[in-house]
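J.: Here you go, one structure.
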Protein chains: 2
Amino acid sequence: MDGLTEKKIESTEIFKGRVVHLLVDKVGLPNGNDATREVVRHPGAVAIIAVTEDEKMLLVRQYRYPLDKIIYEIPAGKLEPGENPDDSAMRELEEETGHQCEQLERIASFYSSPGFSDELLNIYFTNTLTNGRQHLDDDEFLEVYAVDLGEAVQMVRDHRIADAKTVYAVQYMQLKAMQK
Amino acid sequence: MDGLTEKKIESTEIFKGRVVHLLVDKVGLPNGNDATREVVRHPGAVAIIAVTEDEKMLLVRQYRYPLDKIIYEIPAGKLEPGENPDDSAMRELEEETGHQCEQLERIASFYSSPGFSDELLNIYFTNTLTNGRQHLDDDEFLEVYAVDLGEAVQMVRDHRIADAKTVYAVQYMQLKAMQK
């Protein structure tokens, strides 16, 4: 034994929704005691760093109900059941921004909040945008903006950009600019 | 109206746990239709980029039950009820790593996953570590490591570092190193 791993003893399904699935599990700890773990299962998501010909990043401005706030984020969305993340990224980019792209590179994958959720976020990069057609979900309302890197850095500072994936995206673009 | 904001019509509490609180709300959309929103309320968290005298970052290696994986993360933890994030960061740093510090600077705050959760992650930086005493929670098992920046970048590449806050931390240290 590695002295770290926990073992599932019992799992209780609390809720199975359209987005999240909540389980409360009883687990065996490395020291032989029991504990309870609350687990939010999530289908996973994609997010796209999309850079225009004039080197601006696409951002979408949208209301986030859990925060009761309007924030700016890179285009993103949940995986559909059985959907490949690469296909999902292509789909979300066009649905939200009205752009398709010629090439899309997966640059990172990370867990949003591994303490309570298995949500894996796949991050993509493209600078080969072409025209497509915006077509939002029935319950989706957003505005599309293109900002240059200096502006994006300022938006992180003043919290108009306030989510993990978009802060990551801005740092990614800063590192890319400095490595040129 | 801004054409983006959603209005709460009705809120149903599904679960109130030790970590998460799940609500399913009926909301009014900007176009007058209704929709359902699943919301995971979370107390918020802190994470600390802690740099040693020889310029290594502290990482904790721990099993994450939702992932069924052992990963490396920067020291982190949930806010206790009514706790100030600054105090929480000092507390978690010592509890998990056995180090106190002289100065701790809040460098960023962002939402982990604003589509379904209000978890706000407060990120701190310190390079003024002093000795303290490690004292883990009863159900917490982890190992502490110190890695240099090159190693940390490699760990992101090979997914031993696989969570948003720690990927952010590595980028932050890369930017800091390049700006020197």
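J.: It is to be established whether one or more residues within region B:31-38 are modelled with pLDDT of 95 or more, surrounded by fewer than 20 Cβ atoms within 10 Å (Cβ to Cβ), in contact with a Gly (Cβ under 7 Å, 6 or more places away or on another chain) and more than 7 Å from chain A (Cβ to nearest Cβ).
T.: yes
J.: Let me ask another. Any residue at all in region B:118-129 that's of a type in the set (D, E, K, R), over 30 Å from residue B:25 (Cβ atoms) and assigned by TED's automatic domain parsing to the domain that holds residue B:164?
T.: Step one: filter region B:118-129 for residues of a type in the set (D, E, K, R), giving B:118-119.
If we keep only those that are over 30 Å from residue B:25 (Cβ atoms) too, we end up with none.
No.
J.: Moving on to the next point. How about region A:1-30: which of its residues are more than 17 Å from residue B:69 (Cβ to Cβ), at the interface with chain B (Cβ under 8 Å from one of its Cβ atoms) and not hydrophobic (A, V, I, L, M, F, W, C)?
T.: Hits for region A:1-30 are A:17, A:18.
J.: When residues of region A:169-180 are filtered for being within 9 Å of chain B (Cβ to nearest Cβ) and in contact with a strand residue (DSSP E or B) (Cβ under 7 Å, 6 or more places away or on another chain), how many remain? Spell out how you get there, then give the answer.
T.: As a first pass, look at region A:169-180 and keep what is within 9 Å of chain B (Cβ to nearest Cβ): A:171-172, A:174-175, A:178-179.
Right, trim to in contact with a strand residue (DSSP E or B) (Cβ under 7 Å, 6 or more places away or on another chain) and you get A:172.
Of the residues in that region, 1 qualify.
J.: So, one more: Quick check on region A:77-93. Is at least one of its residues more than 13 Å from the chain's Cα centre (by Cα), in a strand (DSSP E or B) and touching a residue at least 12 places away in the same chain (Cβ under 8 Å)?
T.: no
J.: Hey, any hits in region A:17-24 for a residue that's out of contact with any helix residue (DSSP H, G or I) (no Cβ under 6 Å at 6 or more places or on another chain) and free of Cβ contacts under 8 Å to residues at least 12 places away in the same chain?
T.: Within region A:17-24, one or more residues are out of contact with any helix residue (DSSP H, G or I) (no Cβ under 6 Å at 6 or more places or on another chain) and free of Cβ contacts under 8 Å to residues at least 12 places away in the same chain.
J.: Do you know which of the residues in region A:126-158 that are in a strand (DSSP E or B) and more than 14 Å from chain B (Cβ to nearest Cβ) is modelled with the lowest pLDDT?
T.: Per the criteria, the residue is A:131.
J.: Here is a further query. Pick from B:43, B:75, B:85: which is under 16 Å from residue B:164 (Cβ atoms) and either surrounded by 16 or more Cβ atoms within 10 Å (Cβ to Cβ) or at the interface with chain A (Cβ under 7 Å from one of its Cβ atoms) (or both)?
T.: Checking each option against the conditions leaves just B:75.
J.: Okay, moving on. Kindly state which strands (runs of 3 or more DSSP E) lie completely within region A:1-48 and contain at least 1 residues that are under 18 Å from residue B:41 (Cα atoms) and among the basic types (Lys, Arg).
T.: Output list reads A:7-16, A:34-41.
J.: Within region A:90-115, take every residue that is hydrophobic (A, V, I, L, M, F, W, C) and more than 14 Å from every other protein chain (Cβ to nearest Cβ) and give me the one that is surrounded by the most Cβ atoms within 10 Å (Cβ to Cβ).
T.: A:93
J.: Among the polar types (S, T, N, Q) and either at the interface with chain A (Cβ under 7 Å from one of its Cβ atoms) or touching a His at 6+ places or on another chain (Cβ under 8 Å) (or both): is that true of residue B:166 in this structure?
T.: Judged against the criteria, residue B:166 is not a match.
J.: Continuing with the same structure: Taking residue A:68 and the conditions (1) within 14 Å of chain B (Cβ to nearest Cβ); (2) surrounded by fewer than 21 Cβ atoms within 10 Å (Cβ to Cβ); (3) over 17 Å from the mean Cα position of the chain (by Cα); (4) over 28 Å from residue B:24 (Cα atoms), which numbered condition does it fall short on, given that it satisfies the others?
T.: (4)
The values are calculated or read from the model by the stated rules, or taken from the named source; none is laboratory data. Keep in mind that this is a model prediction, so the values were computed, not measured. Neighbour counts are summed over all protein chains in view; Cβ atoms, including those assigned to glycine, are modelled from backbone coordinates with ideal geometry.
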